[in-house]
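Encoded as structure tokens, the structure appears first; notes follow it.
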Amino acid sequence: MAEIVNLNRARKANTRAEAEATAAANRAKHGRKAAEREREGLIEARRRALLDGAKLDDGSNAPGGGEG
């Protein structure tokens, strides 16, 4: 015989579990100190500068690479 389940309790438990998962993700995303955010921004700026410095410039702004 099957176990009797209160659907209202099951729905509320599911909602609570989803809310907890969302809260955990938000804590991980926004729960950083200002110094950590600043350090991450500096690392990202250095990475972008390195990539921009390594770009090859063919002297043309044409999408085809300037050949033709």
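What follows is calculated from the coordinates using simple rules that are stated; it is not laboratory data. In this text, all values refer to a predicted model and were calculated from it rather than measured experimentally. Please note: Cβ atoms are built from the backbone with ideal geometry, for glycine as well, and neighbour counts cover all protein chains shown.
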Item to complete: Could you quote the convex hull projected area for the chain, Cα atoms only and averaged over all directions, in nm²?
Response: 11.7
Worksheet item: Farthest toward the dipole's positive end in the chain, which of 50, 21, 7, given Cβ charges of +1 (Lys, Arg) and -1 (Asp, Glu) about the Cα centre?
Response: 7
Discussion item. On C-alpha positions alone, give me the angle between the axis of helix 34-53 and the longest principal axis of the chain, in degrees, nearest 10.
Written reply: 40
